[in-house]
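The values are calculated or read from the model by the stated rules, or taken from the named source; none is laboratory data. What you are looking at is a predicted structure, and each value in this text was computed from that prediction instead of being measured. Please note: Cβ atoms are built from the backbone with ideal geometry, for glycine as well, and neighbour counts cover all protein chains shown. Accessible surface is based on the protein model in full, side chains and every heavy atom, while ligands, DNA and RNA are left aside. Shrake-Rupley method; radii C 1.70, N 1.55, O 1.52, S 1.80 Å.
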Amino acid sequence: MKEITTNKLPENKLSEHELSDLCLKTAYLLVNGGAETYRVEDTVERIGASLGSDVKCYVTVTAIFIEINHKSYKFIKARLGGTNLQMIDEINTMSRQLAVKTMTADGFKRHIDHLYKYKRTSDFPFTIKAIGAGFVSMAPMLLFEMPLYYFIYCFFVGIIGYTISYTLSKLSMLPYADLFIAGFIIALLGILLKRVGLITQYHTIIIGAIMPLVPGVAITNAIRELVMRHALSSMVKFLDSLLVASSIGFGIASALIIF
Amino acid sequence: MDIFLNVLLGGLSAVGFSLITNAPRRAAGIIGITGALSWTVFYILKNYSHMNILIANYVGAFIIGILAYYFARMYHLPENIIVIPCLVNLVPGGNAYRTILYMVQSNYNGSINQGLQTFLIASFIAIGLFTTPYFAASINRIKMIREKRNRTN
């Protein structure tokens with residue numbers, strides 16, 4: 001069925017229905033990858049222009065609206081969360097190729113369909129991510145000018161905290177609970193290290209170990225969107241990052257209160 | 001030796017966060033360089049000079065902004081991919097932690113103090129990040145107007 005329709009039409013020309021589907025899927029993937037809303041709108045409108053149609057796109061964090069050639073409208077529900085910078089880069093590169101005509105509309109559609117179906121790109125294995133998290137948690141130790149053995153403890157505590165957050169977020173649908181538990185266990189490990197007598201104070205260990213859990217993508221996007229006057233999605237992301245930060249904080253606080 | 005350790009760990013930490021967020025592999029080197037430079041300058045300004053910490057954060061974010069602007073156009077990457085992993089180092093985690101810590105210890109004055117400091121640092125990072133794009137956009141606009149005037153003349 002798909003083969004017939006694409007054969008009938010001239011090259012680089014999709015039917016209106018196909019084009020709106022393509023735009024919706026692209027916008028959905030970009031939003032889920034963690035792109036800023038104004039960039040999503042810009043990319044989709046540019047894809048429409050390079051395919052020869054007038055596309056208008058409006059993105060809030062939870063919904064994507066699309067209008068094609070002033071007559072057909074569509075919308076799709078999106079969801080907050082998820083970060084995949086590889087996805088943004090891939091779609092960005094493809095839309096660039098589409099604009100300079102080194103990629104056909106057909107090839108672009110096939111790629112997007114593939115990405116949409118599996119919702120994932122090439123990903124790093126978990127062990128490498130965990131080691132990355134360990135390095136992230138080591139940097140704040142430099143700032144407090146700690147002796148060298150603190151770096152090693154912080155490396156491992158950071159890895160444990162990230163592992164817990166990662167596994168729990170895969171298991172459960174409740175969004176902020178995994179961060180609360182991860183914060184709790186990080187603080188617990190810090191206090192434990194002090195009780196055993198390996199370190200003299202646990203504050204720096206905790207500060208370092210929560211660094212991989214920081215909502216970096218949400219904060220950065222919220223600021224960038226606020227400056228570009230996309231206030232609605234900016235506020236949603238800001239509130240989300242605030243909730244993430246405070247759930248980590250309250251996790252730590254409850255560990256400090258109990259022990 | 002101290003500076004060398006800073007360059008190394010600043011770069012490694014930025015690359016580490018890029019692994020967590022699954023950044024494209026071809027961007028890893030760029031992220032490493034940007035993260036190492038911005039972190040080292042931030043560290044030197046904070047620990048060796050008697051400047052206000054807000055200035056150190058501003059300069060660190062400014063360096064991230066200018067390098068990201070340059071590299072994004074050179075390698076055709078979205079700016080966000082470079083900015084996000086490098087910015088994580090500058091996040092005022094220590095102040096945010098102390099806000100919660102003092103709250104738990106019923107030291108509400110200290111808690112509000114630290115909370116305001118966190119907010120101020122975050123704002124200055126944002127300002128630093130947007131300095132370069134703002135001036136670049138202004139300069140481009142001036143160039144465009146001048147070209148148009150030349151064409152009409």
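Accessible area drop of at least 50 Å² (1.4 Å probe, protein heavy atoms): which residues of segment A:136-163 qualify, relative to the chain alone?
Residues shielded by partner chains are A:136, A:139, A:142, A:143.
Where in segment A:220-259 does the label zone of residue A:192 land, with the point 7 angstrom along Cα→C-beta and an amide N cut-off under 18 Å?
Correct set: A:251-259.
Beyond a 22 Å Cα-Cα separation, which of these cross-linked pairs lie in this structure: A:71/A:237; A:74/A:101; A:129/A:170; A:25/A:56; A:119/A:170?
Listed pairs above 22 Å: A:71/A:237; A:74/A:101.
Name the long-range amide H neighbours of residue A:78: under 5 Å, sequence gap of 5 or more, or other chain; modelled H, no Pro or chain starts.
Amide H neighbours of residue A:78, under 5 Å, 5+ apart: A:63, A:64.
Share of Cα-Cα pairs in segment A:126-258 beyond 23 Å, in percent? Working shown, then result.
Working: 3166 of 8778 pairs.
Of all Cα-Cα distances in segment A:126-258, 36 percent exceed 23 Å.
I'd like to check one number: the per residue accessible area of the protein assembly as shown, probe 1.4 Å, reported in Å² as a whole number.
49 Å²
For chain A, set up a Gaussian network in which alpha carbons nearer than 10 Å are linked by springs, and say which option among A:235, A:87, A:146 fluctuates the most.
Highest fluctuation among the options: A:146.
With the crude spin-label approximation of a point 7 Å out along Cα→Cβ, what separation in nm comes out for residue A:16 versus residue B:116?
About 5.9 nm, to one decimal.
Using the Cα atoms as the points, what is the convex hull volume per residue of segment A:14-56 in Å³?
It is 54 Å³ per residue.
Taking DSSP loops as anything outside H, G, I, E and B, show the longest stretch in chain A free of GluC sites (Glu not before Pro) there with at most 13 other beta carbons within 10 Å.
In short, A:12-144.
Principal axis extents for segment A:2-118, Cα atoms only, whole Å, descending order, please.
If we take the Cα atoms of segment A:2-118, the spans are 40, 30, 24 Å.
Quick one: what are the phi-derived ³J(HN,Hα) couplings along segment A:162-171, Karplus 6.51/-1.76/1.60 with θ = phi - 60°, whole Hz, x for glycine and proline?
5, 4, 4, 4, 5, 5, 5, 5, 6, 7
If I take R0 = 30 Å and measure r between the Cβ atoms of residue A:111 and residue A:170 in this structure, what FRET efficiency does the formula 1/(1 + (r/R0)^6) give, to the nearest 0.05?
Calculated value: 0.65.
Nearest 10 degrees is fine. How inclined is helix A:177-196 to the longest principal axis of chain A, computing both from alpha carbons?
Tilt of helix A:177-196: around 20 degrees.
Can you give the translational diffusion coefficient of chain B in µm²/s, computed by Stokes-Einstein from the Kirkwood radius over Cα pairs at 37 °C and 0.692 mPa s?
After rounding, the answer is 192 µm²/s.
Tell me, which residues of segment A:49-88 get at least 50 Å² less accessible area when the other protein chains come in, versus the chain alone (1.4 Å probe)?
Buried by the other chains: A:85, A:86.
Just to check I understand the Karplus step: with θ = phi - 60° and J = 6.51 cos²θ - 1.76 cosθ + 1.60, what whole-Hz values come out for segment A:244-251, glycine and proline as x?
Those phi angles translate into 4, 4, 6, 5, 5, x, 6, x Hz.
If you take the accessible area of B alone plus A alone and subtract the pair, what total do you get in square angstrom, rounded to 100, with a 1.4 Å probe? Mind showing how you got there, number by number?
Working: alone 9840 and 14670 Å², together 20250 Å².
Separately minus together, B and A give about 4300 Å² buried.
Given springs between every Cα pair under 10 Å in a Gaussian network model of chain B, which of B:17, B:135, B:62 has the largest fluctuation?
In the Gaussian network model the winner is B:135.
Can you check what the Kirkwood hydrodynamic radius comes to for chain A, Cα pairs only, in Å to one decimal?
Its Kirkwood hydrodynamic radius stands at 20.6 Å.
Relative to the longest principal axis of the C-alpha atoms of chain B, give the angle of the C-alpha long axis of helix B:2-20, reported between 0 and 90° and rounded to the nearest 10°.
80 degrees
What angle do you read, to the nearest 10 degrees and between 0 and 90, between the alpha-carbon axis of helix A:126-143 and the longest principal axis of chain A?
60 degrees
Build a GNM of chain B with springs between Cα atoms under 10 Å: which of B:14, B:126, B:56 gets the top mean-square fluctuation?
B:126
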